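Reviewing the structure listed below.
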Amino acid sequence: MVLYFIFTVFLSATLLFSVQPMVAKSLLPVFGGSSSVWTTCMLFYQTVLLLGYLYAHFVMKRVSRRVQLFGHIGMLVIALVAGYMFDSPSPPPSASTFPVPWLILQLALVSGLPFFMISSAGPLVQGWFARTGHTRSHDPYFLYAASNAGSFVGLLAYPFVIEPNLGLAEQRSFWLAGFGLFILMSFGAILMTKKGSHEDPHAPSGEVLAPSGDVDSGPAEDRPIDWRRRLRWTFYAFVPSSMLLGVTSHLSMDIASFPLLWVLPLAVYLLTMIVAFAADSNRLVKSLRRPMVIAIIGATILVLASEAQAYAPIKALVAVQLLLLGVVGLMGHSMLSSDRPSASHLTEFYLIMSIGGALGGVFNGVIAPLIFETTLEYPIVLVCAVALLPWRKIGEIEDPKLKRQAWMIRIGLPLLSLVYMQVMGRFSVSLVEWLGISLVDQTIVLFAIIIFIPTVMIYLAWNDGIACMLVLAVPLSASIYDDLTDPDIHFRGRTFYGILSVVDEFFYDIEVNQKITYRTLMHGTTNHGVQFLNPELTHVPLGYYHVDGPCGMAIQALKEIRPDGARYGIVGLGSGAITAHARPQDSIKYFEIDPEVAHIAEDPQYFTYLSEAECPVSVDLGDGRLLLERERDAGEEKYDMVLIDAFSSDSIPVHLLTTEAIQLYYDRLTDGGIVLLHISNRHLDLQPLVFNLGVDHQSYVMMYEQDIDEIPEDMLGYWFPSVWMALTKSPQTAQAMLDAGMFQEGEARFKVRMWTDQYSNILSAFNR
């Protein structure tokens, strides 16, 4: 009997956590690969999980065994039918900076009812077991460990087994088959409950069937379940949930948005639950106090050194973030486990836990994007995590000396940290200059000086949660304040697609004895556009698009092929720097998924590439591939060059690199036209994939990788090295590009399976 229930709850959890990355991956193409897709999916699934637990609580408290046998099983069958009816999301009606409501609606249609029913399985199966009369039925929490193990297996199976081997349609078919098996297992589980074991709807206590035999007492009912205890449960669940989403968002934006980086943090999160509910929680909480502080210190350094993350090794960045999540998750979940009630309140306990988890999703997925211009939710949850540490009751300390020391730690350390940060903020630059430190090393030294003392102070305050919170808040608040009041930042905005900022920088040109000022458009840590502000230089294309780079050379080759004018279709707007290459007889249409990027590029107070263009320029809002498909279906005029500039940031749109996408680009090309792809990326090597896609479409494949050594030293500040690939079916066009002397015939560095709309595996594209 026990094995039957273990398998049932294991199967339900496996289905529950394998459907999340599957559905999220199907939605990514609609939103240009944005990492916010997963955050929104987590918000939806946490909310539905809450509803599922509420449903389970109602069923176990108010519904008879007969009604469960037929009513609940009937709803499971309806959910299975609904899963077959809705198989894919529809495209959004229009571009939006906050498409969360529409995305949640799609999630509800595609997977809402099946997920709702499967989410109720964990507490229901445990509740059914509690009513079997088995000798272990008094304490069914061991099934929670089996549930978490199933979740763990389902999560890890997706990126390592399911995604690399199965297309989305096959994944869906296997999942629905597993759901059907779960329906049969649930029917058998209800049959194993004893007749008359359901709770009387009119009974005030809601007692479960008493177990037979001489057994252990299980969790002690030594404290009443009042509103304070429920609030603690909510908070203990909220902190790990919010931390989970914060870590996932950081990894997705800094590396790439794909299932593995969604699954790994969630797997760590679940692992902490398994350990917390299986171990001696009280002892675990005590042993985690000092590691918790060390982890918080490390996270604080990461927050303050956010720019350095762009150049940090992937493995180190992932390891540090996952370690932080593991420690915080263990602390929060261990405190939940140590405070769990008896089995008679099992469903209520899980309900409150799910409320805390859902609040974490609401905070990170809805509230934070609407009220914060940057990812402030991450440092906020760090402070909340410190609140999990024990709070010293100074009033209960009898020794006057120890009491004074406690007050000094709680008040003195935060004040000292504040004074130190203010002093170093004023004089640190002068200090490093006085010490004669080179300009290259100044940033590192300054950061070390500023963060050292607060770090030591946080560690000294490790035994007092309140003191640690106050000390931690000082460097974080100072960093946030400096960032928000930086006069060189002219725009800062947060959209569904990322964090945008417009920043001014300058250098002094000794040769002409002139200060040269330039403006950059940043998307997270990725530069999406550069322009000189000096009036005589505003027309010069910079960044990845300078005249002597691959982009400039490809456009120059097309100009020679099309002397009377060329039409450009460009996916990805940035600052609009490519416009500077155009002639009066040319025309350009940009496709941009983020309306805020279009606003910045079109506003001359930020950038003037578009407003001062010599040729007709238009911007269409929406996903580039969907817009190109609409143009094709409408029979609109074709382009001489389709330029895909959507892969330099880390949340790459996978659907723009499938064999179906390449065919679409050719459908929109004139005879002799060029498909030009900008594939520069810090972490992904897309060259073998693009090469194979080109060969598969009988194309001439050319590539130009401009290294930093090829850029003149005086141009390094605003000319960027980049990697571009060109595809064409015209031998004349291919020869013209080769004759230019920059592009060379491409070749595959290693084998990689081609991506399709049904199959993609971004893990295969990581730099080797």
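The values are calculated or read from the model by the stated rules, or taken from the named source; none is laboratory data. Just so you know, these numbers come straight off a predicted model, no measurement behind them. Cβ: placed from backbone, ideal geometry, glycine included. Neighbour counts: every protein chain shown.
Can you tell me which residues in region 663-681 are outside any strand (DSSP E or B) and surrounded by fewer than 24 Cβ atoms within 10 Å (Cβ to Cβ)?
Within region 663-681, 663, 664, 666, 667, 668, 680, 681 meet the criteria.
Show the residue pairs meeting these rules: Cβ distance below 8 Å; 6+ apart or different chains; first residue within region 214-241 and modelled with pLDDT of 70 or more; second residue of a type in the set (D, E, K, R) and not in a loop (DSSP other than H, G, I, E, B).
225/348
Are any residues in region 540-570 of a type in the set (Phe, Trp, Tyr), in contact with a Gly (Cβ under 9 Å, 6 or more places away or on another chain) and in contact (Cβ under 8 Å) with a residue 60 or more places away in the chain, and if so, which ones?
544
Say whether the condition of being at pLDDT 70 or above, of a type in the set (Val, Ile, Thr) and buried (at least 20 other Cβ atoms within 10 Å of the Cβ) is met by at least one residue in region 299-312.
No, region 299-312 contains no residue that is at pLDDT 70 or above, of a type in the set (Val, Ile, Thr) and buried (at least 20 other Cβ atoms within 10 Å of the Cβ).
Does at least one position in region 711-731 carry a residue that is in a helix (DSSP H, G or I) and among the small types (Gly, Ala, Ser)?
no
Considering only region 604-658, state which residues are among the hydroxyl-bearing types (Ser, Thr, Tyr), at pLDDT 95 or above and more than 30 Å from residue 491 (Cα to Cα).
Result: 639, single match.
What residue, of 601, 646, 613, is of a type in the set (Gly, Ala, Ser) and within 22 Å of residue 752 (Cβ to Cβ)?
It is 646.
Spot the failing condition for residue 155; the list is (1) of a type outside the set (Gly, Ala, Ser); (2) under 16 Å from residue 3 (Cβ atoms); (3) crowded, with 23+ Cβ neighbours inside 10 Å, and only one is missed.
(2)
Have a look at 593, 600 and point out the one that is under 17 Å from residue 644 (Cα atoms) and either assigned by TED's automatic domain parsing to the domain that holds residue 545 or not β-branched (Val, Ile, Thr) (or both).
Testing whether each residue is under 17 Å from residue 644 (Cα atoms) and either assigned by TED's automatic domain parsing to the domain that holds residue 545 or not β-branched (Val, Ile, Thr) (or both) leaves just 593.
Name the residues in region 111-149 that are touching a Pro at 6+ places or on another chain (Cβ under 8 Å) and among the hydroxyl-bearing types (Ser, Thr, Tyr), would you? Before you say what the answer is, go through the steps one by one.
First, pick out the residues of region 111-149 that are touching a Pro at 6+ places or on another chain (Cβ under 8 Å): 126-127, 129-130, 133-139, 141.
Hits for region 111-149 are 135, 137, 141.
Kindly indicate whether any position in region 722-734 is in contact (Cβ under 8 Å) with a residue 12 or more places away in the chain, aromatic (Phe, Trp, Tyr) and more than 27 Å from residue 588 (Cα to Cα).
Within region 722-734, none of the residues are in contact (Cβ under 8 Å) with a residue 12 or more places away in the chain, aromatic (Phe, Trp, Tyr) and more than 27 Å from residue 588 (Cα to Cα).
Kindly indicate which of 565, 569 is farther than 21 Å from residue 538 by Cβ, out of contact with any Phe, Trp or Tyr (no Cβ under 9 Å at 6 or more places or on another chain), modelled with pLDDT of 90 or more and small (Gly, Ala, Ser).
565
Name, by its number, the condition in (1) in contact with an Asp or Glu (Cβ under 9 Å, 6 or more places away or on another chain); (2) within 22 Å of residue 559 (Cβ to Cβ); (3) surrounded by fewer than 20 Cβ atoms within 10 Å (Cβ to Cβ); (4) without any contact (Cβ under 8 Å) to a residue 60 or more places away in the chain that does not hold for residue 711.
The one condition residue 711 does not meet is (2).
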